[in-house]
Amino acid sequence: MSTFLRSRWGVLAGFAVGAVLLLVAAPAALSVFNLALLGKFICFAIVAVGIGLAWGRGGMLTLGQGVFFGLGAYIMAMHLKLADASLFGGSGVPDFMSLYGSGEVPGWWEPFRSPVVTLLAVVLVPGLVALVLGLAVFKRRVKGAYFAILSQALAAAFAVFLIGQQATTGGSNGLSGFRSFFGFDLKDPSNKLMLYSIAAVVLLLALAAARQLMHSRFGELLVAVRDQEERVRFLGYDPATIKTVTYVIAAVMAGIAGALFVPIVGIISPADVGVIPSIAFLIGVAIGGRATLLGPVLGALSVAIAQTSLASTFPSFWVYFQGLLFVLVIGFMPGGLASLPRLVSRLKQRNTEKRSTAPASAPQVPASAAPTTATTATTVPEEASR
Amino acid sequence: MTTPTLLPDGEPRAGGLRHGRPKYLEVRGLTVAFDGFVAVDNVNLDVVQGDLRFLIGPNGAGKTTIIDAITGLVPATGSVNHTGTEILGRKVHKIARLGVGRTFQTASVFENLSVLQNLDIAAGPGRKARELLRRRKGVDAAVQEALEIIGLERAADKQAGTLAHGQKQWLEIGMLLVQNSEVLLLDEPIAGMSQDERDETGQLLRRIAASRITLVIEHDMDFVREFATSVTVLAAGKVLSEGSVAQVQADKKVQDVYLGTAGMEGH
């Protein structure tokens, strides 16, 4: 069974099942409201696929993916606002600008009037920001907690910047009240279904891309960089390049997810892109299993579903529950829920070993009890700081 | 890459190859200082292709620091010339690409990857992006040959983390081979090995050193006597003596340095 799942046909079958579940079963079973909710969760899952690559495979604790999610989202939101203004207002100026600003569209909004520029920018802007940032950070060998703090600070700064721009980004209210999406009426249920379907297809594509990367030579190299960054250098590779490429891919996935989030949810505000959502992205990935292909997606989906159902029943309790879950998973199951089957089989094995060997023998400790964390300590001496 | 030639015929010998234009590593005035403490002091060292040079000396003599300096891990002054190319001052990965490879006292293989994946990565810095994004299909000829040379064909699909200590060191040496390193800098490759593993490692070194520039740091004098073709003795960051094992052992200065310690004649 497991060999079939790993074969080419097994993988195709897996994708087919996923496609049927997402594109046929879910729309048939769920109400319009719940389908939109699932669409929102799928956007989080797309971000999670990228985090799974960057963090799970590449060891980069990306605590600031909200930035890239926000860039994609705001670019899309600006386009929708401008398009609505031309379609329905006639003036071509988004409503909130007349309320809070001079009533004129700022110059840097103008390019996003064009649908083509918008779609390109959704991919290119997060990608370029990640490229510049990645090169600056990884070439200087900033890593581990320092990288995490830096990316988190960036998310905080981004949110603060957005809040301060009341007249051009809607401030803490954000951008909302979209009525059309590239000419389609957003109130029409069939268009909502279309948006959901786009998100689902993008998720499947992101998964396919992530799978290809994980199983390629690049994926093997990425794991090598994660586990022994200094050693990779002595083989003639520059780890900074490998990490930057991965970081850019994760950023592009987050940007596209953000752009899909806007028409599906109908609002983007600094509260969706700051520190707390950035951490929330990560929690799902950690719980699901960061180093696996499906772990991040399933983790992100289940955390989002749990949040929606639990937060409505116990609104103040959810945050504590989320934090507790995070601590428990990181502390006791660093591989996430995806490692559960392996842990169980290892426990079984250990039990049978105990029974078969004499009681006098020392307890057997598996060499790789924590496969993803135990090996991150490099045996190669760190380069002397200059 | 029609017929991989990781292992041409021949045995290493003192002074290296006597025909053609042998490659060389020429170290001149190499000095490494940490906050005023001079760990390596104006060291000159020549190793020619085909020589199996051992670098010995008491603890703290600066042996590992010399390798660290050559491979760009610690900043140093002076000159390190690899067959006409100055390598000192370049970045670590650039030096590696110029054909200078090293191992570490603690075997540092990629524990979560298989033996085959470890070797494949080592063989790959020259690969193009398109190749990198594809799945590995089959086994490179050089990788296959290296697997045979280091005797790990049967363990090719094992996770490197599960290998025995000696096998990890052999894997590291195999990685140097597929990396196409012309200069091999091995830091105590037999530390912690059983006697059988030591013998096999010694044979392996003799086979690969015939066509490479090889510098091995070692403490075990029996091993040095058995396998070295030439020896450099280091003490307090300076070169104390150089020559064949017999010459070095007869050197009064060397005997003085080793007096009271385990000793050159010990073991």
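A few points about this structure:
- Single unsatisfied condition, B:TYR24 versus (1) out of contact with any helix residue (DSSP H, G or I) (no Cβ under 8 Å at 6 or more places or on another chain); (2) surrounded by 21 or more Cβ atoms within 10 Å (Cβ to Cβ); (3) among the hydroxyl-bearing types (Ser, Thr, Tyr): (2)
- Residue check for B:LEU6: in contact (Cβ under 8 Å) with a residue 24 or more places away in the chain, in a strand (DSSP E or B) and under 19 Å from the mean Cα position of the chain (by Cα): no
- All helices (runs of 4 or more DSSP H) inside segment A:211-321 with 1 or more residues being more than 18 Å from the chain's Cα centre (by Cα) and buried (at least 23 other Cβ atoms within 10 Å of the Cβ): A:217-227, A:229-233, A:239-265
- Failed item in (1) within 14 Å of chain B (Cβ to nearest Cβ); (2) crowded, with 17+ Cβ neighbours inside 10 Å, with A:THR169 passing the rest: (1)
Residue by residue, here is whether (1) under 24 Å from A:LEU193 (Cα atoms); (2) in contact (Cβ under 8 Å) with a residue 60 or more places away in the chain; (3) touching a helix residue (DSSP H, G or I) at 6+ places or on another chain (Cβ under 6 Å) holds:
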residue	(1), (2), (3)
A:GLY14	yes, no, no
A:PHE69	yes, yes, yes
A:GLY72	yes, yes, yes
A:ASP84	yes, yes, no
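- Within segment B:239-263, residues that are closer than 17 Å to B:VAL216 by Cβ and in a loop (DSSP other than H, G, I, E, B) sit with their Cβ atoms under 9 Å from residues that are at pLDDT 90 or above and not polar (S, T, N, Q), at 6+ positions apart or across chains, in these pairs: B:SER244/B:ALA228; B:SER244/B:VAL231.
- Any hit, segment B:128-136, residues being modelled with pLDDT of 90 or more, buried (at least 17 other Cβ atoms within 10 Å of the Cβ) and either within 25 Å of B:ALA164 (Cα to Cα) or not aliphatic (A, V, I, L, M) (or both): no
- If the condition is being surrounded by 22 or more Cβ atoms within 10 Å (Cβ to Cβ) and in a helix (DSSP H, G or I), then segment B:207-222 contributes B:ILE208, B:ALA209.
- Any pair with Cβ under 6 angstrom, 6 or more apart, that starts in segment B:123-134 at a residue that is at the interface with chain A (Cβ under 7 Å from one of its Cβ atoms) and ends at one that is hydrophobic (A, V, I, L, M, F, W, C): B:LEU132/A:PHE218; B:LEU133/A:PHE218
- A:PHE178 at pLDDT below 95 and under 19 Å from A:LEU71 (Cβ atoms): yes
- Boolean, A:ALA148 is under 25 Å from A:ILE256 (Cβ atoms), among the hydrophobic types (A, V, I, L, M, F, W, C), assigned to a helix (DSSP H, G or I) and modelled with pLDDT under 90: no
- Top-ranked residue in segment B:37-74 [being in a strand (DSSP E or B) and within 14 Å of another protein chain (Cβ to nearest Cβ); ranked as nearest to B:ARG21 (Cα to Cα)]: B:VAL40
- Matching option when the condition is buried (at least 22 other Cβ atoms within 10 Å of the Cβ) and within 26 Å of B:GLN167 (Cβ to Cβ), among B:VAL139, B:VAL80, B:VAL143: B:VAL143
- Elements of type helices (runs of 4 or more DSSP H) in segment B:119-199, at least 3 residues being within 24 Å of A:ALA240 (Cβ to Cβ): B:129-132, B:165-178
- Residue that is nearest to B:ALA39 (Cα to Cα) [pool: residues in segment B:218-246 that are among the hydrophobic types (A, V, I, L, M, F, W, C) and under 17 Å from the mean Cα position of the chain (by Cα)]: B:LEU234
- Residue ID - nearest to B:VAL139 (Cα to Cα), chosen from residues in segment B:100-115 that are without any contact (Cβ under 8 Å) to a residue 60 or more places away in the chain and either surrounded by 22 or more Cβ atoms within 10 Å (Cβ to Cβ) or at the interface with chain A (Cβ under 7 Å from one of its Cβ atoms) (or both): B:VAL115
- Evaluation of A:ASP185 against the conditions (1) farther than 30 Å from A:GLY107 by Cα; (2) among the acidic types (Asp, Glu); (3) touching a helix residue (DSSP H, G or I) at 6+ places or on another chain (Cβ under 7 Å) shows that the sole unmet condition is (1).
- Of all the criteria given as (1) under 12 Å from the mean Cα position of the chain (by Cα); (2) assigned to a loop (DSSP other than H, G, I, E, B), the one not satisfied by A:PHE68 is (2).
- Any hit, segment B:1-11, residues being closer than 22 Å to B:GLY243 by Cβ and crowded, with 16+ Cβ neighbours inside 10 Å: no
The values are calculated or read from the model by the stated rules, or taken from the named source; none is laboratory data. Every value quoted in this text rests on a predicted model; they were computed, and no experiment measured them. Neighbour counts run over all protein chains shown; Cβ positions are idealised from the backbone, glycine included.
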